[in-house]
1. Provide the solvent-accessible area of K211, counting protein heavy atoms only and rolling a 1.4 Å probe, rounded to the nearest 10 Å².
2. Taking the simple approach of a point 7 Å from Cα along Cα-to-Cβ for both I196 and A46, what is their distance in nm?
3. In whole percent, how big is the carbon plus sulfur part of the accessible area of segment 83-213, probe 1.4 Å, protein atoms only?
4. Considering Cα pairs under 8 angstrom that are at least six residues apart, work out the relative contact order of segment 79-193 and quote it in whole percent.
5. With the contact rule set at Cα under 8 Å and sequence spacing of 6 or more, what percent relative contact order holds for segment 171-229?
6. Rounded to the nearest 5, what is the percent of antiparallel bridges among the DSSP beta bridges in segment 74-232?
7. Please give the solvent-accessible surface of E42 in Å², to the nearest 10, using a probe radius of 1.4 Å with every protein chain present.
8. So what is the accessible area of segment 100-239 per residue, in Å², with the probe set to 1.4 Å?
Amino acid sequence: MWDAVYYLMLFYVVHVAVHFTMEIRLRKQFALSLCIQQMQRELEEAKEISKGLVRGVVPEEVLQRVSFSCTNIADTVESASCIVFDIVGFTPMCGSISPQKVVAMLAVLFSLVDAVVESNGCARLKTLGDAYVAVANVSRPAENHREVILQTGLDVLQMLHYVNSVIKRYPAVDWPSSSLHVRAGCHTGPVLAGVILMKNLVYDVWGPTLKLSEQLQESAAPNAVHCTAATLAGLSAQFAGELDAQPAGCDANDVADDGSTRLLRKGSFRARVTPLAYLQTFQVFRRDATAREPLLRRMADGVLARLDARFSARCVGDATSSV
């Protein structure tokens, strides 16, 4: 009888030990699986963040090609439109406000321009200092890229005029005490576009089309886009009727023909371009701004409200941490 009790107790102890060991193992495996799932989620989030950062400098269409290529990507675009925005009086402004306010102001300005550029189907190429460069018909096709680029330029100028009048509604948003103004210059022509596969991906556009756009903005009139005849030549009659294109022009005596390039001198404007027909330039205004005004106001208010909420939350967090 005692033998039976002994073996029964022994069986029970062994059973409990095995069950306990298996329970510990299962719990460890469950904890490990949870840890692996957490790591996978963090890895996916990190991938999405990195992809988002890359998309900020390389268009999605080009990024897909980069994923399947180990060589530099180079394209020739026969007809593309470039536009360059630049802040008026930015250099003296930097000397009068703190670096933090300069960066915050640029973040607000570029966010507003981004909203317009994306809504019109253009692509941001890069920012360089206070300059913002956008292109149309480069990474994504756009048959009416001349109209798209001019629409973008005039929309940005009109939106900033509205922002200057309502910025006091958003106290957390950094903005100059006086109104902020930008100049805009655009040109249409052939460009080279590509990705340089270095340590950091670099997507860029090269050629006289972009260079001339940069130089045109230097002599742009207030609330106007300074563009060439090459951009205006391909506009539809309906869209052209919405514009007031005032010749900025050049005198025949201002053009020097050296056989391959032409040099234009118009006030402070200097540009080397080819061919000669591209030298006729225009200050383009919008005849009636009321049609686009509701859309641009909603767009600007949406961007400013989002930034105001973000900056306000950041200020509250900084104040709490300092306490």
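1. 110
2. Inter-label distance under the simple model: 2.9 nm.
3. Ligands and nucleic acids excluded, carbon and sulfur give 56 percent.
4. Details: 146 pairs, mean separation 52.0, N = 115.
This gives 45 percent for segment 79-193.
5. After rounding, I find 43 percent.
6. 90
7. 100
8. Dividing the accessible area of segment 100-239 by its residue count gives 41 Å².
The values are calculated or read from the model by the stated rules, or taken from the named source; none is laboratory data. Since we're looking at a predicted model, the values are computed, not measured. Positions of Cβ are generated from backbone atoms using ideal geometry, with glycine treated the same way; all protein chains shown enter the neighbour counts. SASA here: full protein model, heavy atoms, side chains in, ligands and nucleic acids out. Shrake-Rupley method; radii C 1.70, N 1.55, O 1.52, S 1.80 Å.
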